[in-house]
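**Student:** Dropping the structure in here first, questions after.
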Amino acid sequence: MEAIYIPQLLKAPERKEEIKFQGPISGLDTLTPVQGIISVRHGGTFLEVSAQAETIITLTCDRCLQNYNYRLSIDTSEIIWLEEQKVVADRFLSEKEVSLEDLSETLPPNGHFQPDAWLYEQLYLAMPMRQVCGQDCQGADTPVDVTEPKIDSRWSSLAALKEQLSKNYDL
Ligand SMILES: [Zn+2]
């Protein structure tokens, strides 16, 4: 998806742009393309961004360590304040309670909005904290056949975790 030049939105009908999409989101390992719709409205001093999107991702069960597919969907909206970076920096220096999180919800009025990055963030936040393959998951308490390569599934879980971590750091 192409970045949206923020001042351009002021010339759009209703100061709004709507994008339907279907495809991969950079940095997010999904089984199916991410599809949905994102709309960005210019509210003068802020952008109102809303999106519905869904995809299927492969997760590793916390209990039995097996991989399973999970339908990840979002229906969310967010206000992004338009402020010059200098103003933001000044505020950051004068007010200690301004967190990094606040800074990320601000864009310069003459800057670009990156739909991909925003969607990545929303989808990432929507991932379940507790990952369980299903209600009938027997978990790791089930007696495991000694010949079963138990260690392998642990290793694959570790590998998946490692991969996830390295991806996070790539951001
Ligand atoms: Zn399970």
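The values are calculated or read from the model by the stated rules, or taken from the named source; none is laboratory data. No experiment lies behind these values; they were computed from the predicted model shown. Here the Cβ is made from the backbone with ideal geometry for all residues, glycine too, and neighbour counts use every protein chain on show.
**Student:** For region 113-125, state whether one or more residues are surrounded by fewer than 13 Cβ atoms within 10 Å (Cβ to Cβ) and either β-branched (Val, Ile, Thr) or at pLDDT below 95 (or both). Write out each step before concluding.
**Tutor:** We begin by selecting, within region 113-125, every residue surrounded by fewer than 13 Cβ atoms within 10 Å (Cβ to Cβ); these are 125.
Next, from what is left, pick out any that are either β-branched (Val, Ile, Thr) or at pLDDT below 95 (or both): 125.
Yes: region 113-125 contains one or more residues that are surrounded by fewer than 13 Cβ atoms within 10 Å (Cβ to Cβ) and either β-branched (Val, Ile, Thr) or at pLDDT below 95 (or both).
Rundown of residues vs (1) touching a helix residue (DSSP H, G or I) at 6+ places or on another chain (Cβ under 7 Å); (2) of a type outside the set (Asp, Glu); (3) modelled with pLDDT under 95, yes/no style:
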residue	(1), (2), (3)
THR32	no, yes, no
GLY36	no, yes, no
SER50	no, yes, no
ASN69	no, yes, no
SER73	no, yes, no
GLU84	no, no, yes
ARG91	no, yes, yes
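**Student:** Looking only at region 8-30, how many residues end up being aliphatic (A, V, I, L, M) and exposed (fewer than 12 other Cβ atoms within 10 Å of the Cβ)? Quick ask: steps written out before the conclusion?
**Tutor:** Start the filter on region 8-30 by keeping residues that are aliphatic (A, V, I, L, M), which leaves 9-10, 12, 19, 25, 28.
This time we only want the ones that are exposed (fewer than 12 other Cβ atoms within 10 Å of the Cβ), so: 10.
The total comes to 1.
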